[in-house]
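Asks: Supplied in structure tokens, the structure appears directly below.
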Amino acid sequence: MLENLLQHFGYPALALGTFLEGEMSLLLAAYLALRGILQIELVMLFAFIGTYASDQLWFHLGRRHGRRILERKPKWQALSDKALVYLRRHPDLWVLGFRFFYGMRTVMPLAIGISGYPRRRYVILDAIGAAIWAIALGTLAYKLGRALEGLLGELHEIQAYLFGALLVFGLGVWLYRRRQREN
């Protein structure tokens, strides 16, 4: 039943998750694709949709209400000031790549909107950057999951030995500490 639910609502949930947060939602969805519950191509598409929609919302909010939003969020004000410095140096590169810098995902589109960056240029470059992010992170998570699955498959064969070794080690530590307390 859960698998059926995930197959029906996993993609919209991913879009919402990437709209709100980003990386963790995409990583979880890539894992579900690895398990065969979702399709990795659709995972990347819906991750793109969610992150792109979020960027566009924050950009347009920045153009209209950016200063008022920053007045209510002092932490964002400091990040926005920092973002604007970088944006002035290499504006197009920052529009393409800000989502790869943790902690800048919401503030950067807001700051870009405040800066007066051209709307049309932002729409296009942000689409390219969001697509690169969704494809790169989705593919990386999927491939890493495959590699870990192979490694864990090999560990599965020797898990009884590993468990026994850990048990003996734990027992040894416990006995050692017990003797230390008695002395």
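Asks: Only helices (runs of 4 or more DSSP H) wholly contained in region 1-96 count here; list those with 1 or more residues that are modelled with pLDDT of 85 or more, acidic (D, E) and over 30 Å from S115 (Cα atoms).
Replies: The qualifying helices (runs of 4 or more DSSP H) are 40-72.
Asks: Can you name the residue in region 79-92 that is touching a helix residue (DSSP H, G or I) at 6+ places or on another chain (Cβ under 9 Å) and aliphatic (A, V, I, L, M) and, of all such residues, is surrounded by the most Cβ atoms within 10 Å (Cβ to Cβ)?
Replies: A83
Asks: How many residues are at pLDDT 85 or above, out of contact with any Phe, Trp or Tyr (no Cβ under 8 Å at 6 or more places or on another chain) and either open to solvent by less than 50 Å² (accessible area, probe 1.4 Å) or within 16 Å of I128 (Cα to Cα) (or both) if we restrict to region 97-115?
Replies: Count: 4.
Asks: Among the residues of region 15-38, how many are open to solvent by 80 Å² or more (accessible area, probe 1.4 Å) and in contact with a helix residue (DSSP H, G or I) (Cβ under 6 Å, 6 or more places away or on another chain)?
Replies: Summing the residues that are open to solvent by 80 Å² or more (accessible area, probe 1.4 Å) and in contact with a helix residue (DSSP H, G or I) (Cβ under 6 Å, 6 or more places away or on another chain) in region 15-38 gives 1.
The values are calculated or read from the model by the stated rules, or taken from the named source; none is laboratory data. Treat the numbers as computed from the prediction; the structure is a model and nothing was measured. Cβ: placed from backbone, ideal geometry, glycine included. Neighbour counts: every protein chain shown. The accessibility values were calculated without ligands, DNA or RNA, using every heavy atom of the protein model including side chains. Shrake-Rupley method; radii C 1.70, N 1.55, O 1.52, S 1.80 Å.
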